[in-house]
Every structure is written in C-alpha cells, then in structure tokens.
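Step one of this worksheet: look at the structure below.
The values are calculated or read from the model by the stated rules, or taken from the named source; none is laboratory data. Treat the numbers as computed from the prediction; the structure is a model and nothing was measured. Cβ: placed from backbone, ideal geometry, glycine included. Neighbour counts: every protein chain shown.
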Amino acid sequence: MRRLFVLSTVSALFPVALVACGGTKTVPITAISDAPAKTAAAGSAKLDVTVVSTSSKSGPTTTSKSGGTTTTTAPAGPTKVTGAVDFKATAGRFDIAAASLGLPAGSGPLQAVLVGQVFYFKGLAGLALPGKPWIKIDLSKIANASGVASQLQSLNPNSYLVQLRGVSGAVKEVGKEKVRGDNTTHYSFTVDLDKAAQLAPADQKAGVEAAAKTVVNKQEPTEVWLDSKGRVRRLKQTVEIASGVLTGTTNLTLEYFDFGTKVDATPPPADQTADFTQLLGGLGSG
C-alpha cells in the first residue's frame, strides 16, 4: 500500500474549527481517509445497499435550429443488495434484487458470493448451464470492459469503502445524526477517483480504476456518517456514468451495521460453476 498523501502544512492537518454558513465546519481530512481502516478493523459487518439509476438514451433525431437531437431519460428500478462482508478476506455473501441491471427476462433475486475480485452469481435466467447453476465472473479480468465492469463494481461494497482513501479538498462536518439508532457524525467532501486508485490495495486497485474510466467527473461529491469509533455507518454518492455501454446518473446509499457478524463466503463447488468472464469481457469492450 502506498503511503497516504502527506498534507503540506500542519494547519491543514489540525485546522482551527471554522464555522461556515449553515453551521458546517471544516475538519481534518484524516477523519475520512482513516475511515476505511477503522471500518475494516471491525472484521466484518452486515450491509444494506440501494442503487438507483437513471439511464439516458438518445431519442429520435429531430430537426431544430441547432440541428441537435432529443434525449430521453428513463428511470430504472432500484437495485437492492443485502448481506454481509468480511473486510479482512475481501469477501462476502449477498442477496441482490437487481431491477436496474438489465438482466435476462425471468431473472429473479440473485444470490452472490464475492471472494476477492471474483463474483459467483446464482439466479441469472438464460445463462445458467445444465448442472451448473452458478456463474463465475472475475472482475479483475474485465477491468477494461468499462460498462460491464462498472455496473458489477456497483455491487461490490468493498469498492466504495476503498474510494474514501481518495478524499480530496475540504471535509465539512454537517452535523450529528442517528443511523439505525446509533449516534453518528455526518460529513460531506469530494473523492478523487484517481487518487483513490493510487492508494487502493493491490487486489482492489482494478475495481477503482474501472469505475474511474466510466464517470463524467472523477471528482465525486460524497457523504459519510461515521460512528464514535470512526467506522462508516452510511455512505452516499451520486455518480454520472458515460461509457459505451452505460450512461446516466447512479445514486448509491450503503449502510454497514452489526459489526463482527459471521460471514459465510464459501465459493460454490467448481462442478456447479460456469465461468462467464470471457463472454462479459467481450460484451463490454464491444
């Protein structure tokens, strides 16, 4: 892991509290950059993720004075992810109600197991092979398939935690709020995805780099709610995606709770698994 960015002045590390309009105040950048390690120190946690996407598609060509085209915006249903993650092993087990992923007709709620950068999915209609109900997708091998990789990375809760290493600029304390009944402090700031990729652990770097390739602005406005131990309890982020496969706005809300929970992230047996990594890589690059 590369060293964290060293701020040039002591006053940037330990600023005097500055009260801004609306009651917010500037706080040390380390309040956010240290949050991934403090959260991971809990070992594991349950999670609840909601991803709402609004896809933009080119509408019919029209004749106008500017000679432009119309654009239609189509909101998709939310993607819900529930389950548990093992921070130390970078693994987890999830249930996914993926209305916005454009899955084959007949696909129901998905079961997913994540081990490192490898996803195993069960429940994808039309893709499962006889005797092989599970599908394997290695995200590290489709990092250049920007649209596919980005959409799958949105299901990987570890990628958002790692992004906090890329906190950039001022960090504002918004206020004190309850999350699932617990006391937290609400912060707002900007994440620099290029910086996050540089500081990401080697096994998670590809995921952040894939996300950075698909967004309109690599400086992402982000909000987090940290508990008294500096752990992430809630994270919110709005991202504009513009790739050859996906375009539109994605709003994500992620919550961690029940830290220290037991996580079963055992991969399915190899004889029940079909590897679709190469197929999806071809679709994304095309």
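Give me the strands (runs of 3 or more DSSP E) completely within region 35-110, filtered to those with at least 2 residues that are at pLDDT 55 or above, ordered by residue number.
Those strands (runs of 3 or more DSSP E) span 44-61, 79-86, 91-98.
Regarding region 181-190, can at least one residue be identified that is under 27 Å from LEU139 (Cα atoms) and crowded, with 21+ Cβ neighbours inside 10 Å?
Among the residues of region 181-190, not one is under 27 Å from LEU139 (Cα atoms) and crowded, with 21+ Cβ neighbours inside 10 Å, which makes the answer no.
Do we find a residue being within 18 Å of GLU255 (Cβ to Cβ) and in contact with a Leu (Cβ under 7 Å, 6 or more places away or on another chain) anywhere in region 173-184?
yes
Anything in region 154-207 that is in a helix (DSSP H, G or I) and acidic (Asp, Glu)? List them, or say none.
ASP194 - this is the single residue of region 154-207 that is in a helix (DSSP H, G or I) and acidic (Asp, Glu).
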